[in-house]
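To start, the structure itself, in structure tokens.
The values are calculated or read from the model by the stated rules, or taken from the named source; none is laboratory data. Given the structure is predicted, the values throughout are model-derived calculations rather than measurements. When we count neighbours, we look across all protein chains shown, and the Cβ atoms used for this are built from the backbone with ideal geometry, even at glycine.
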Amino acid sequence: MLIRIPAILNVEQLRAVRGLLAGAAFVDGSLSAGTVARRVKCNQEVDPQAVEIEQLHNILMGSLVHHPMYKAAALPHRVAAPVYARYGENMEYGPHIDDPVMGEGTRFRSDIAVTVFLSEPESYAGGELVVTTSFGDQYIKYPAGDAVIYPASSSHHVAKVTKGVRLVAVTWVQSLVRDAAKRELLYELHQARETLLHQSPDAEETRHLDTAYVNLVRMWAEV
């Protein structure tokens, strides 16, 4: 399931994030990659020890974790601290699959990857996030502030940037529901449930759907 989430960050938040990134120290992105991904990764990432990191996390995660679409689609249980990546000209990230287990200290399973776009799409050429799905490759280049979520088990890559600079934030989620097909079904049911709760909150059909959704989450959730 690949879902676009609009306006994770508003104009003021984007301005603040870009200002912080402009003054932050960046390091070789391959330092944070796994053994396989390291061979195909060519980008830069904000130094985890940079003084700007806490402010960046507060802005980004403060908006992401409260977004209703994100909560409904990801059903988050654990969320990784974001990585802030910069792709200059001729930088790219070749085809790879994210590590299945991440984190230091508290480990977590990476069910879902989240990319938040921080650069306007017209400010750079190339740099599309390309996710391989059952319907073929999906080329993703959303407006700044928007996000996309997709299974971390998907093969994906970032096309070479041929002009300008691509800025993104990336994080990973351990979902309450491990199985991607079950998460997709629950998201579809959630959308229908929300519509009925707004349009016909007292209808019997609404009650039945609400009960089914809640009990399916109960049945499939791993806590």
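If you check PRO201 against the conditions, is it under 16 Å from TYR70 (Cα atoms) and either surrounded by 17 or more Cβ atoms within 10 Å (Cβ to Cβ) or not assigned by TED's automatic domain parsing to the domain that holds GLY19 (or both)? Against the criterion (under 16 Å from TYR70 (Cα atoms) and either surrounded by 17 or more Cβ atoms within 10 Å (Cβ to Cβ) or not assigned by TED's automatic domain parsing to the domain that holds GLY19 (or both)), PRO201 does not qualify. Here the condition is being within 15 Å of the chain's Cα centre (by Cα), assigned by TED's automatic domain parsing to the domain that holds VAL17 and either modelled with pLDDT under 95 or not hydrophobic (A, V, I, L, M, F, W, C) (or both); of TYR142, TYR124, it holds for TYR142 alone. When the residues of segment 100-114 are filtered to those that are within 14 Å of LEU75 (Cα to Cα) and not hydroxyl-bearing (Ser, Thr, Tyr), the one that is surrounded by the fewest Cβ atoms within 10 Å (Cβ to Cβ) is ARG109. Cβ-Cβ contacts under 9 Å between residues 6 or more apart (or on different chains), taken from a first residue in segment 187-215 that is of a type in the set (Gly, Ala, Ser) to a second residue that is modelled with pLDDT of 95 or more, are listed as ALA192/LEU209; ALA192/TYR213; SER200/THR206; ALA203/LEU196; ALA212/LEU189; ALA212/ARG193. Would you say VAL130 is outside any loop (DSSP other than H, G, I, E, B), under 15 Å from the mean Cα position of the chain (by Cα) and either within 22 Å of TYR187 (Cα to Cα) or not assigned by TED's automatic domain parsing to the domain that holds LYS71 (or both)? Considered against the rule, which asks whether it is outside any loop (DSSP other than H, G, I, E, B), under 15 Å from the mean Cα position of the chain (by Cα) and either within 22 Å of TYR187 (Cα to Cα) or not assigned by TED's automatic domain parsing to the domain that holds LYS71 (or both), VAL130 comes out as no.
Screening ALA152, ALA180 for residues that are closer than 15 Å to LEU2 by Cβ and buried (at least 18 other Cβ atoms within 10 Å of the Cβ) leaves exactly one candidate, ALA152. Of the residues making up segment 183-223, those that are hydrophobic (A, V, I, L, M, F, W, C) and part of a loop (DSSP other than H, G, I, E, B) are ALA203, ALA221, VAL223. Looking across segment 162-177 at every residue that is closer than 12 Å to ARG109 by Cα and in contact with a helix residue (DSSP H, G or I) (Cβ under 9 Å, 6 or more places away or on another chain), the one that is surrounded by the fewest Cβ atoms within 10 Å (Cβ to Cβ) is identified as LEU176. Filtering segment 127-142 down to residues that are touching a residue at least 40 places away in the same chain (Cβ under 8 Å) and over 17 Å from ASP98 (Cβ atoms), which residue is surrounded by the fewest Cβ atoms within 10 Å (Cβ to Cβ)? Here the answer is TYR142. In segment 14-36, the count of residues that are touching a Ser or Thr at 6+ places or on another chain (Cβ under 7 Å), surrounded by 14 or more Cβ atoms within 10 Å (Cβ to Cβ) and under 30 Å from TYR187 (Cβ atoms) is zero.
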